[in-house]
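Chemist: Structure below; questions to follow.
The values are calculated or read from the model by the stated rules, or taken from the named source; none is laboratory data. From a predicted model like this one, the values you see are computed outputs, not experimental measurements. With ideal geometry, Cβ positions are generated from the backbone for all residues, glycine too; neighbour counts draw on all protein chains shown. The area values use the complete protein model at the heavy-atom level, side chains included, leaving out ligands, DNA and RNA. Shrake-Rupley method; radii C 1.70, N 1.55, O 1.52, S 1.80 Å.
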Amino acid sequence: MPTPTLAVVNCSQLVTLAGARRPRCGAELRELAIIEDGAMLLSGDTIERVGTRAEIESMVGGGCEVVDAGGRVCLPGFVDAHTHPVFAGTRADEFERRAAGATYQEIAAAGGGIRATVRRTREATEDELVVASRRFREWFLRGGTTTVEAKSGYGLSVDDELKMLRAIGRLNDEGALRYVPTFLGAHDFPEEYRARREEYVALVVEEMLPRVVGEGLAEFCDVFCEARVFTVEESRRILAAARSRGLGLRVHADQLSLSGGALLAAELKTSTADHLEHTDAAGVAALKAADVQPVLLPGSVYALGSSRYPAAREMIGAGLAVVLATDFNPGSSPTPSMTMVLSLASTQMKMTPAEAITAATVNAAYSLGRGRELGSLEATKRADFVIHDCADYRDLAYFFGVEHALETYVGGRLAFSRRGATKTQHGV
Ligand code: NIG
Ligand code: FE
């Protein structure tokens, strides 16, 4: 074993999520592989050993820094597998209009919604987008998130989509938070192409995709498959082209209506089908048969004032390897908080706190092709972990509206801390 550089000791629960090296389904979602009075040994950015405090403390030598968790829980960092974290401006004006009764679809049909953010994002420089997004990065880290999937989709022109993806690449290179980039040129039809849908689809397939792939700017391609946005046929064409260029696939499916998105995801065997608020039993069965992971986004249901949450229990019952994510974006889900998502998963979708944590960590990592490196606390994995200011992991979903993370580590390095800024019952 390489010389340990950092030991984390005195964890009331070290929630390891150790287990099969694949996404977890069915009863496995409840198995968190907790080590009571746990500890962990790192070397650089890698986990070397997990065990009880007694086991680990005997291996701590001189020169090894010791972090005392003070009797708190330690979890893998959350992996937020669906976010739109780069954009200019906000949509607080639309939020106010929705509070007065307007719907998300009415606002979009009148030229607001995604297209409002596209106008602002096109006006912004790459530097301005990076600066704006650093603020959101801070929010993710404060919430205990260490990896985000990050979509483009507010540029909708060749140059503006590339600008967004380059901004995401720069944020990733800065190192504090991990970003997995997704090309979402098919997020909406931009104003200038509204009467020329076919031409916009051709632009995405023939100009955007080759540039995105040629410059190595994305790992995944996503499409908003929905009534009045991209039809199943248009979505199929874009996703098939992306696959032929080597990108992984994700789909915004059945969010606002039963649009056929889940069936398309199953047909194409995409990595994920996301949203699924309107997916029926046939869609759930098709996702299972095709081994597609559902990414559930209860924050967007909540923020849109809807009560139609996706059928998480049916999906778990069908054996799907469910993922939870924030959908952080300026319109339908302005929250970066994975603990808020855990709360919604338990109260609105009847997932147990343990199921929700598995969906927000190891299953999310697998959905991004990072399951071998991220998502659990096991030897050889990257040391992305969070000490939360509670002694019982269930508190993360139970006490809501609270910032639980005390310290967030990415690759063994402290990326956020509020130790010292807080006095707690644990007194450390
Ligand atoms: O996942 N559904 C489409 N895209 C986002 C909303 C983006 C926006 O409103 O700006 C979503 O909910
Ligand atoms: Fe989304």
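Chemist: Take the residues in segment 125-154 that are within 16 Å of ligand 1 (Cβ to nearest atom) and aromatic (F, W, Y), then tell me which one is surrounded by the fewest Cβ atoms within 10 Å (Cβ to Cβ).
Modeler: Initially, segment 125-154 is screened for residues within 16 Å of ligand 1 (Cβ to nearest atom), giving 129, 132-133, 136, 148-154.
Applying the additional criterion that residues be aromatic (F, W, Y) yields 136, 154.
Working: F136: 22, Y154: 30.
It comes out as F136.
Chemist: Shifting gears a bit: Among the residues of segment 238-291, write down those that are closer than 19 Å to I316 by Cα and among the hydroxyl-bearing types (S, T, Y).
Modeler: T270, S271, T272, T279
Chemist: On to the next question. Are there any pairs, at least 6 apart or on different chains, whose C-beta atoms fall under 6 Å, with the first in segment 95-113 and not assigned by TED's automatic domain parsing to the domain that holds G153 and the second at pLDDT 95 or above, and if so, which?
Modeler: No pair meets every condition.
Chemist: Moving on to the next point. Open to solvent by less than 40 Å² (accessible area, probe 1.4 Å) and within 21 Å of A360 (Cα to Cα): is that true of L239 in this structure? Please lay out each step first, then the result.
Modeler: Details: open to solvent by less than 40 Å² (accessible area, probe 1.4 Å): yes; within 21 Å of A360 (Cα to Cα): no.
The answer is no for L239.
Chemist: Which one of these does S157 not meet: (1) in contact with a strand residue (DSSP E or B) (Cβ under 8 Å, 6 or more places away or on another chain); (2) open to solvent by 20 Å² or more (accessible area, probe 1.4 Å); (3) among the polar types (S, T, N, Q)?
Modeler: That leaves (1) as the condition not met.
Chemist: Sticking with this structure for a sec: Do any helices (runs of 4 or more DSSP H) lying entirely in segment 193-283 carry at least 3 residues that are modelled with pLDDT of 95 or more and closer than 21 Å to E149 by Cα, and which ones are they?
Modeler: On the way: elements: 197-203, 209-214, 232-244, 261-268.
The helices (runs of 4 or more DSSP H) meeting that bar are 209-214, 232-244, 261-268.
Chemist: Here's a follow-up. List the helices (runs of 4 or more DSSP H) that sit entirely inside segment 81-124 and contain at least 3 residues that are within 13 Å of ligand 1 (Cβ to nearest atom) and at pLDDT below 95.
Modeler: Values: elements: 92-99, 104-109, 114-123.
Those helices (runs of 4 or more DSSP H) span 104-109.
Matching residues to (1) within 16 Å of ligand 2 (Cβ to nearest atom); (2) more than 23 Å from the chain's Cα centre (by Cα); (3) over 17 Å from R194 (Cβ atoms):
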residue: A88; (1), (2), (3): no, no, yes
residue: R91; (1), (2), (3): yes, no, yes
residue: E96; (1), (2), (3): no, yes, yes
residue: Y104; (1), (2), (3): yes, no, yes
residue: G112; (1), (2), (3): no, yes, no
residue: R119; (1), (2), (3): no, yes, no
residue: E126; (1), (2), (3): no, no, yes
residue: A132; (1), (2), (3): no, no, yes
residue: W139; (1), (2), (3): no, no, yes
